[in-house]
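Read through the structure below, which is laid out as structure tokens, and then see the notes.
The values are calculated or read from the model by the stated rules, or taken from the named source; none is laboratory data. Predicted model only: the values in this text are computed from it and were never measured. A quick note on method: Cβ atoms are made from the backbone with ideal geometry, for glycine too, and the neighbour counts reach across all protein chains shown.
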Amino acid sequence: MSLSLSADQPAVPANADDGVWLECIECGETFAPFDDIRYTCDECDGLLEVRYDELPTFDDFEGRGVWRYADALPFDEGVSIQEGDTPLYEVPRLEDDIGVEALRIKHEGMNPTGSFKDRGMTVGVRVAKELGVGRLACASTGNTSAALAAYGSRGGMETLVLLPAGKVAAGKIAQASLHGARILEVDDNFDTCLDFVQELASRGEAYLLNSLNPFRLEGQKTIGLEILEGFLADYDTVPDRIVLPVGNAGNTSALYKAFRELVQAGELAEADVPKLTGVQAEGAAPMVEAIENGADEVRRWDDVETRATAIRIGNPVNAPKALPGIRETDGTAVSVSDEEITAAQRDLAGEGIGVEPASAASVAGLRKLRNAGIVDADERVACLTTGHLLKDPDAAAAAGGDPEPVPGDIDGVLETLSDDA
Ligand code: F0G
């Protein structure tokens, strides 16, 4: 099985281009990476992965940001807005409160457009240029559209985004709009938007930059590489567990790929690979259902609902890559309520870290698993927070306290303050 941790490095096929090729995770068919536009396998429609003839070691990484990891990517540089290099915050109060040996927050909201999507887009838009495509497109719950619009405009390319009407947070639409994307609001949910973008891509109307595109995930591998390097620097060991919110399961797949490549390169022992632990909102939890039922396939949920609109997704397209990732690393998946998500958003805010609701799901999930005794007290854990608080100002304001109106004179201000005494 190509997605097992112990799989050997595959032989280089004749159609590799400068040591890079695409390979189907289901049937093993290989394809030249940049000759034609291709998102899935021609033979069996399986998901594709990018493969390399040589896998880098930690010593090969140099520089800053995503392109520090160029040796693990298909190009040496991309269409960049200085993405990556995000903080790995200490949260001592939360660490104590949840009750784990170490807890660090990898805050991807500190990327240029405020989410981890930038890491995928810097690579994906570079590939789009290589392929010479015209229009770039994505379906999005918001963040992908913001990143696509920004990186597309950086690369001087036309961008089109399909959003579920009424279900995308204000900050994200504002970004896509200002960066010049053409925005279509579809009267249906995200999964239908993605069906439409796949249809547009197959008709040659646009180049698809959702996480179904294997090159996006190459950029997102760098989240895992940064977390590992950060833990090695601070604790001299990699984390026991990485907890992350799950929508399309792109990050879960990307982190797993980063770990597999390190294992194959002899840089990481199989036994040390962090346990990948996915968190979904209760109202949109098809991956959790599949993990709990031991199912090989994920059932598409047609009706999904959660305050964490970024992960309001019923058909996680990367499930065939992510399910083995969770299982082979001995991880798990858990769902959390909207109330638990908001509580975690407040917990993080109490440590000075502002995140959007979907991001807080990771911390909510960790707390739930720790309370259930599934996460042990001696574990060192990294929680991924995927997007910035300002992405969803309405959710932030609802989770915070209300402003108090006061008269326009100092006596009125003093009186209001003394009311508290
Ligand atoms: N967190 C945030 C803030 C997101 O925006 C997303 C996905 C996820 C988590 C889930 O990540 O898909 O890799 O499992 N947002 C996509 C979008 C779907 O359109 O912005 P995943």
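Within the stretch 144-164, residues that are closer than 16 Å to residue 195 by Cα and in a helix (DSSP H, G or I) reach partners that are among the basic types (Lys, Arg) and within 15 Å of the ligand (Cβ to nearest atom) with beta carbons closer than 7 Å, at six or more positions or on different chains, in the pairs 144/117; 145/172.
Pick from the stretch 192-203 the residues that are away from the ligand (no atom under 15 Å from the Cβ) and touching a residue at least 40 places away in the same chain (Cβ under 8 Å): which of them is nearest to residue 131 (Cα to Cα)? Applying the filter and picking the extreme gives 201.
Residues being within 16 Å of the ligand (Cβ to nearest atom), touching a residue at least 60 places away in the same chain (Cβ under 8 Å), in contact with a strand residue (DSSP E or B) (Cβ under 7 Å, 6 or more places away or on another chain) and β-branched (Val, Ile, Thr) are entirely absent from the stretch 204-222. Quick check on the stretch 235-249. Is at least one of its residues of a type outside the set (Ser, Thr, Tyr), touching a residue at least 40 places away in the same chain (Cβ under 8 Å), more than 12 Å from the ligand (Cβ to nearest atom) and in a helix (DSSP H, G or I)? Looking for residues that are of a type outside the set (Ser, Thr, Tyr), touching a residue at least 40 places away in the same chain (Cβ under 8 Å), more than 12 Å from the ligand (Cβ to nearest atom) and in a helix (DSSP H, G or I), one finds none in the stretch 235-249, hence no. The set of residues from the stretch 1-17 being modelled with pLDDT of 95 or more and charged (D, E, K, R) comprises just one member, 17.
Yes/no matrix, rows are residues, columns are (1) crowded, with 22+ Cβ neighbours inside 10 Å; (2) assigned by TED's automatic domain parsing to the domain that holds residue 382:
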{"site": "180", "(1), (2)": "no, no"}
{"site": "185", "(1), (2)": "no, no"}
{"site": "193", "(1), (2)": "yes, no"}
{"site": "204", "(1), (2)": "no, no"}
{"site": "209", "(1), (2)": "yes, no"}
{"site": "221", "(1), (2)": "yes, yes"}
{"site": "230", "(1), (2)": "no, yes"}
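Considering (1) within 13 Å of the ligand (Cβ to nearest atom); (2) touching a Ser or Thr at 6+ places or on another chain (Cβ under 6 Å); (3) farther than 25 Å from residue 355 by Cβ, the lone condition that residue 152 does not fulfil carries the number (1).
Checked against (1) within 27 Å of residue 105 (Cβ to Cβ); (2) in contact with a helix residue (DSSP H, G or I) (Cβ under 7 Å, 6 or more places away or on another chain), residue 180 meets all criteria but (1).
Of all residues being closer than 15 Å to residue 355 by Cα and among the hydroxyl-bearing types (Ser, Thr, Tyr) in the stretch 111-126, which is nearest to the ligand (Cβ to nearest atom)? Just the residue, please. Step by step, filter the stretch 111-126, then rank; the result is 115. Residues that are farther than 16 Å from residue 306 by Cα and either within 15 Å of the ligand (Cβ to nearest atom) or not acidic (Asp, Glu) (or both) within the stretch 356-378 comprise 363, 366, 367, 368, 369, 370, 371, 372, 373, 374, 375, 377, listed in sequence order. Restricted to the stretch 361-393, and to residues that are of a type in the set (S, T, N, Q) and crowded, with 23+ Cβ neighbours inside 10 Å, which residue is farthest from residue 239 (Cα to Cα)? Out of the qualifying residues, it is 386. Considered as a group, the residues in the stretch 395-421 that are within 16 Å of residue 343 (Cα to Cα) and out of contact with any helix residue (DSSP H, G or I) (no Cβ under 6 Å at 6 or more places or on another chain) include one that is surrounded by the fewest Cβ atoms within 10 Å (Cβ to Cβ), and that residue is 401.
For the stretch 298-411, the helices (runs of 4 or more DSSP H) that sit wholly inside it and include 1 or more residues that are of a type outside the set (Lys, Arg) and closer than 15 Å to residue 247 by Cα are 319-328, 338-349, 357-371.
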